[in-house]
Amino acid sequence: MALPNRKSGLEEQIEENLRKVYQKTVEEDVPDRFKELLEKLKAQEANK
């Protein structure tokens, strides 16, 4: 018989902290240099 898949307190804490770090990363703005590069690429594509 399989045991229920229960997380320990430590595993729950790790999971919560990883979620927080990931969420902060997702919410960061795209750096200006990447925005400029995207604009250049869009302009090149439009000129084809």
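The numbers here are math on the coordinates, done by the rules we state, and not lab data. Just so we're clear, the structure is a prediction, and the values are computed from it rather than from any experiment. We place every Cβ from the backbone using ideal geometry, glycine too, and count neighbours over all the protein chains shown.
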### Query
Do we have ASN47 as exposed (fewer than 10 other Cβ atoms within 10 Å of the Cβ) and either out of contact with any strand residue (DSSP E or B) (no Cβ under 7 Å at 6 or more places or on another chain) or of a type outside the set (Gly, Ala, Ser) (or both) here?
yes
### Criterion: of a type in the set (Lys, Arg) and in contact with a helix residue (DSSP H, G or I) (Cβ under 8 Å, 6 or more places away or on another chain) - qualifying residue of LYS40, LYS35, LYS7
LYS7
### Query
Looking at segment 1-39, which of its residues are among the charged types (D, E, K, R), more than 23 Å from the chain's Cα centre (by Cα) and loosely packed, with under 10 Cβ neighbours inside 10 Å?
ARG6
